[in-house]
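Okay, so here's the structure we're looking at.
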Amino acid sequence: MCGILAGFALSASVAAAKDETTITVSPGPMAMSASESAIDVDPARGFEDGVILIEETDRDESFRTRNEVSYHLRAKILSADGRGLADVTIPFNSENTKLKRWWGRTIHPDGTVHELAESELEEQVLAKTSGAEYSVLKGSLPRVEPGCVIDYGYEVRVEGFIPPAPVALERAWPMIEFRYRWVPWQGFTAAYYVTGGGRVPAEVVRNDDAVLAEVRDTQPVVEEPLDPPDSAIRAMLYLYYTDATGNIEEYWHDKAKRLHDMTEDFAGSEKKRRKLLAEIGIEPTGNLDADLRRLYWWISTEMDNVSLRSYEEDRAASSDEDYPLNAKEAIKLGRGRATDVTLLFISLARSLGAEARLVLVPDRTTAFWQPQIYDMGQFDGMLVAIGSPEGQLSFLAPGYGLPYGAIPWWLSGVPAACADEGGMREVSVRPDQPQDNVSKTEATIEFDLFEGVMLVDWSQTATGNAGYVEKLRLRARDPKKREELLRALCAEGPDLEVIEAAAPELHDLNAGHRLQCSAESLTIGIDNSIDSLRVDVAGPWIRPLPDLTDESRVHPVHLDYPRIDETTWTIATPEDYTTVEPPAPVTVNSPIGRYSLTVTAEPDGYHLTRSLTLAFLGISPADYPTLIAFLNAVRTGDQTQVEFARKAAS
């Protein structure tokens, strides 16, 4: 179901008078109704842990320079596992968001009401896939237990023009009633698109001012770790602005031509591009791959990518910097945004003899590209395609600070849009191979039996996507927050005190990711009176496995990226102890990947080598048992212990 407002014909929608698209978002009753009291567990309707009685949103963008959003949720809690419904998250940035109204309460069957005050909401910083951060207000309604009703809502004002995000029409909880009203700004043509209508019949009414979507009696959608994006497993409502003037084929053809023209305008004439290549010392040699690698390296090392600046670099930069309008200006300025850097690479790569085209890619953690939606806002990244669209393509990411051939993992393994003068072509961006993302860790573990502590030092070097997001997040933070994140990356917690945490070469984007940690564990519970010490070989120096433990699966598994982890470490022999016969080697081979753990015993301690390859990006539910069997075998191997025996008295 789709529709375009402001003069365009609608398909499969209902025109309505203004009052038919008007809703009032306000708190629900302070008491539980008889019908709410009667709601109980009903597996046929999906009522098991909880049920959303009503969820409603009114998003008003008619002011252009600000958005006003009103939200209300009322739900019945049916079991202890339903308490998650009472966890409140409000999109909020203290710099541009004002919380104009808040209410939150828990209503018990006996009529008692417990409130969550606005002052109890706390602002928290969360991280996006790309490492960028955003803020929310969070809180939990009090005294939530089975049989109660919760009711909360808010009204926020957000300064600035921020288009709406896709809206899920299904939740992890069953919903009795759902409605979402959107009032777009009249200065743009507004449109909407509904997916999953065959499974979830959405009633959409519209007029020249607003769209109102309503859904009733939905079943819960299972949420699992490492799910595909919402758009692949739920019915969705897309609300967006468009400049479409024709059918969908004409829209994408026009966009492709505009992108092609933009690329040509940025590049300039062939004569100018060859002159620029000569200025930077890169001439065609006849070996296209080698030439492209040299160009890629020059751009990576000589151009200041404004989009990837560290906190210190950003603070030192002028607030009124100019950005390049073409390739010549980019080289003269020595800087540009990620888009400018990408266009510069395309411009010069063509003069080296490459067929280079701009590719627009969605973030696969949030949504896949849907060509039936007239919206360029579906795309989150720009890549470069090398080769002919009819043949074999390779993809490069010059705007992201990654090595040649590496692609940000959230832009890989998905259909994308390749623009040329002939139109927009759908291409498939290849997924990474395990060898593209390798982490190598070295660690030493020693014991101070007098103090009863374990001392650990480890260093990790990572390439490709391994450690990439962590490096971006570290670079973007101020020194105090960077130190906090470093300690978190070194696994600081109740059982481990981090003494030192560092990220060498953090300010060199081309150096890969390095992490160094020194810590001590205070809870090992050993001293020099014990005749035999048994020590776990695993610890924070081993990268975590995917968080998957359930025996069955509904949705496919989507990992971030295939990877190889190589770890070597020594567990030093404590004073007055000696090593014994080491554990037998562990080897696991599977279609999913490979794992090995070997332990050798020497007088100075145990020397361990661990190798793990996760060779897949996505796993179907049918293949999920094979995945779980492999992960469980790895977990068993990582539970290996080594033993130190007390030396005989001399």
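The values are calculated or read from the model by the stated rules, or taken from the named source; none is laboratory data. Everything numeric here is computed off the predicted structure, so don't read it as measured data. So basically every Cβ, Gly included, is an ideal-geometry build from the backbone, and we count neighbours across all protein chains shown. When the accessible area is computed, the model is the full protein with side chains, heavy atoms only, and any ligands, DNA or RNA have been set aside. Shrake-Rupley method; radii C 1.70, N 1.55, O 1.52, S 1.80 Å.
Some notes on this structure:
- Here the helices (runs of 4 or more DSSP H) wholly within segment 244-352 that include at least 2 residues being of a type outside the set (A, V, I, L, M) and closer than 29 Å to Arg425 by Cα are 248-267, 270-279, 288-302, 338-351.
- Residue check, Leu449 at negative phi, of a type in the set (A, V, I, L, M) and open to solvent by 10 Å² or more (accessible area, probe 1.4 Å): yes
For (1) in contact with a Lys or Arg (Cβ under 9 Å, 6 or more places away or on another chain); (2) outside any loop (DSSP other than H, G, I, E, B); (3) crowded, with 22+ Cβ neighbours inside 10 Å, each residue gets a yes or a no:
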site	(1), (2), (3)
Ser135	no, yes, no
Asp151	yes, yes, yes
Arg157	yes, yes, no
Phe161	yes, no, no
Arg171	yes, no, no
Glu177	yes, yes, no
Arg181	yes, yes, no
Pro201	yes, no, no
Glu224	yes, no, no
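- Of the listed requirements (1) touching a strand residue (DSSP E or B) at 6+ places or on another chain (Cβ under 8 Å); (2) open to solvent by 20 Å² or more (accessible area, probe 1.4 Å); (3) among the acidic types (Asp, Glu), Glu551 misses just one: (1).
- Which numbered condition Ala462 misses (of (1) among the small types (Gly, Ala, Ser); (2) touching a residue at least 24 places away in the same chain (Cβ under 8 Å); (3) over 21 Å from Arg543 (Cβ atoms)): (3)
- Matching residues, segment 394-410, being within 12 Å of Asn465 (Cβ to Cβ) and not small (Gly, Ala, Ser): Tyr400, Leu402, Pro403, Ile407, Pro408, Trp409, Trp410
- Tyr606 being of a type outside the set (Gly, Ala, Ser), modelled with pLDDT of 95 or more, open to solvent by less than 50 Å² (accessible area, probe 1.4 Å) and under 17 Å from Ile445 (Cα atoms): yes
- Qualifying residue in segment 314-325 (condition: under 26 Å from Pro479 (Cβ atoms), in contact with a strand residue (DSSP E or B) (Cβ under 9 Å, 6 or more places away or on another chain) and surrounded by 13 or more Cβ atoms within 10 Å (Cβ to Cβ)): yes
- Pro166 passes every criterion in (1) of a type outside the set (Asp, Glu); (2) open to solvent by less than 50 Å² (accessible area, probe 1.4 Å); (3) in contact (Cβ under 8 Å) with a residue 40 or more places away in the chain; (4) in contact with a strand residue (DSSP E or B) (Cβ under 7 Å, 6 or more places away or on another chain) apart from (2).
- For segment 368-400, a residue qualifies if it is over 21 Å from His253 (Cα atoms), part of a loop (DSSP other than H, G, I, E, B) and open to solvent by less than 20 Å² (accessible area, probe 1.4 Å), and the qualifying residues are Ala397, Pro398, Gly399.
Residues are listed down the side, and each one gets a yes or a no for (1) farther than 26 Å from Ser439 by Cα; (2) touching a Lys or Arg at 6+ places or on another chain (Cβ under 6 Å); (3) not β-branched (Val, Ile, Thr):
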residue: Val557; (1), (2), (3): no, no, no
residue: Thr598; (1), (2), (3): no, no, no
residue: Ala615; (1), (2), (3): no, no, yes
residue: Thr636; (1), (2), (3): no, no, no
residue: Ala649; (1), (2), (3): yes, no, yes
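- Among the residues making up segment 387-433, those that are at positive phi and free of Cβ contacts under 8 Å to residues at least 40 places away in the same chain are Gly387, Gly405.
- The set of residues from segment 203-222 being touching a residue at least 40 places away in the same chain (Cβ under 8 Å), surrounded by fewer than 21 Cβ atoms within 10 Å (Cβ to Cβ) and among the charged types (D, E, K, R) comprises Glu203, Asp208, Asp209, Arg216, Asp217.
- Every condition in (1) open to solvent by less than 40 Å² (accessible area, probe 1.4 Å); (2) assigned to a loop (DSSP other than H, G, I, E, B) holds for His507 except the one numbered (1).
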